[in-house]
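The values are calculated or read from the model by the stated rules, or taken from the named source; none is laboratory data. A quick note: this is a predicted structure, and the numbers were derived from the prediction, not measured. Cβ: placed from backbone, ideal geometry, glycine included. Neighbour counts: every protein chain shown. For accessibility, only protein heavy atoms count, side chains too; no ligands or nucleic acids. Shrake-Rupley method; radii C 1.70, N 1.55, O 1.52, S 1.80 Å.
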Amino acid sequence: MLLAIDTATALTGLALYGPQGPLAESIWESGRNHTAQLLPQIDTLLRYIGASPGDITVLAVSLGPGSWSGLRVGLSLAKGMALAGDLPLIGISTLEALAYQYVPTPLLVYPLIRLGRERYATAPFAAHERFERLAPDRNLTLSELCAEVDKPAFFCGDLDPATVASLQRGLGDRAVLPSPAARLRRPAFLAELAWQRHIAQRYDDLATLEPIYLGEPVRPQVGSHRAE
């Protein structure tokens, strides 16, 4: 049984997945309380299906882009559980899992993760005949993204009213958007991608696996100096 952990943003998710598909799923707004809430929620999810921690045989974790603190909590917990239980670990891009959620669609899919300062992480994915990434993750403003999209495309992820309004202003009918309920990032899709890698026995190295932040370094103000 695979446990998937997604703490990339304030929307936290857990999923249990087996050979027949999803077994249980939990999604909630955790804010900055990932550390306090994750282990009790994992225990609750296991009890719901009559399982125990010993039934987990492989772990998956969302690598980001996303929140610095959230990603660190999720990856630290996943690595700790993998070390304690001698379990394999699989890291999955948050954008990849989010785009995979909308297979199949004939449109290009642009998953969005808010990075702050009016910037978003995104990448284009094809999700029609086969699921594939078309470009690396990028850190963009919505205006920069809209300037690059020249045909109808499907947008998903962090779509609050202000983001939706910006996309519609910039793209008009070219911005195809899911309903609010369909925008929810579901960890079962993260688990499904990880399960495919588990079947192929493609695991990550615990020592080298790192989060994907994609943020920009904070630059000092012009004229500022450090006291010697």
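In the stretch 142-173, the residue that is most open to solvent (accessible area, probe 1.4 Å) out of those that are among the charged types (D, E, K, R) and farther than 19 Å from Y102 by Cβ is R169. When the residues of the stretch 64-75 are filtered to those that are over 21 Å from F189 (Cβ atoms) and touching a residue at least 40 places away in the same chain (Cβ under 8 Å), the one that is most open to solvent (accessible area, probe 1.4 Å) is W68. Of all residues in the stretch 142-163, none satisfies being touching a Gly at 6+ places or on another chain (Cβ under 7 Å) and under 27 Å from T208 (Cβ atoms). Just to verify a result, which residue in the stretch 174-203, among those that are open to solvent by 60 Å² or more (accessible area, probe 1.4 Å) and in a helix (DSSP H, G or I), is nearest to S62 (Cα to Cα)? Among those residues, the one meeting the criterion is Q196. For the stretch 14-45, filtered to residues that are assigned to a loop (DSSP other than H, G, I, E, B) and open to solvent by 20 Å² or more (accessible area, probe 1.4 Å), the residue that is nearest to M81 (Cα to Cα) is N33.
One line per residue, one yes/no per condition, for (1) open to solvent by 10 Å² or more (accessible area, probe 1.4 Å); (2) free of Cβ contacts under 8 Å to residues at least 60 places away in the same chain; (3) touching a strand residue (DSSP E or B) at 6+ places or on another chain (Cβ under 6 Å); (4) hydrophobic (A, V, I, L, M, F, W, C):
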| residue | (1), (2), (3), (4) |
| --- | --- |
| L59 | no, yes, yes, yes |
| S62 | no, no, yes, no |
| G85 | yes, yes, no, no |
| H128 | yes, yes, yes, no |
| E132 | yes, yes, yes, no |
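Pairs linking a residue in the stretch 141-168 that is of a type in the set (S, T, Y) to a residue that is assigned to a helix (DSSP H, G or I), with Cβ atoms under 6 Å and 6 or more positions apart or on different chains, are S166/L142.
Before we move on, is Y48 surrounded by fewer than 16 Cβ atoms within 10 Å (Cβ to Cβ) and at pLDDT 95 or above?
yes
Taking the stretch 88-133 as the range and being touching an Asp or Glu at 6+ places or on another chain (Cβ under 7 Å), basic (K, R) and closer than 18 Å to A165 by Cα as the test, only R114 passes.
In the stretch 25-54, what residues are on the phi > 0 side of the Ramachandran plot and under 19 Å from the mean Cα position of the chain (by Cα)? Please lay out each step first, then the result.
To start, the set of residues in the stretch 25-54 that are on the phi > 0 side of the Ramachandran plot comprises 31, 50.
Passing the criteria: only G31.
Considering only residues that are over 15 Å from A194 (Cα atoms), hydrophobic (A, V, I, L, M, F, W, C) and not in a strand (DSSP E or B), look in the stretch 1-13 and name the one that is farthest from the chain's Cα centre (by Cα).
So the first thing to find is which residues in the stretch 1-13 are over 15 Å from A194 (Cα atoms), and the list is 7-12.
Narrowing the set further to residues that are hydrophobic (A, V, I, L, M, F, W, C) leaves 8, 10-11.
Restricting the remaining residues to those that are not in a strand (DSSP E or B) gives 8, 10.
Working: A8: 6, A10: 11 Å.
It comes out as A10.
Out of A99, A78, which single residue is under 21 Å from R32 (Cα atoms) and buried (at least 22 other Cβ atoms within 10 Å of the Cβ)?
Numbers: A99 fails: under 21 Å from R32 (Cα atoms).
Residue meeting the stated conditions: A78.
Filter the stretch 46-98 down to the residues that are in a loop (DSSP other than H, G, I, E, B) and touching a Ser or Thr at 6+ places or on another chain (Cβ under 9 Å) and list them by number. Walk me through it before giving the result.
Taking the stretch 46-98 first, the residues in a loop (DSSP other than H, G, I, E, B) are 49-52, 56-57, 63-67, 86-88, 93.
Those that are in a loop (DSSP other than H, G, I, E, B) and touching a Ser or Thr at 6+ places or on another chain (Cβ under 9 Å): L63, G64, P65, G66, S67, L87, P88, S93.
Every residue, every condition in (1) under 18 Å from G64 (Cβ atoms); (2) assigned to a helix (DSSP H, G or I); (3) in contact with a Leu (Cβ under 7 Å, 6 or more places away or on another chain), yes or no:
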{"residue": "R114", "(1), (2), (3)": "yes, no, no"}
{"residue": "Y120", "(1), (2), (3)": "yes, no, yes"}
{"residue": "A126", "(1), (2), (3)": "no, no, yes"}
{"residue": "C146", "(1), (2), (3)": "no, yes, yes"}
{"residue": "K151", "(1), (2), (3)": "no, no, no"}
{"residue": "C156", "(1), (2), (3)": "yes, no, yes"}
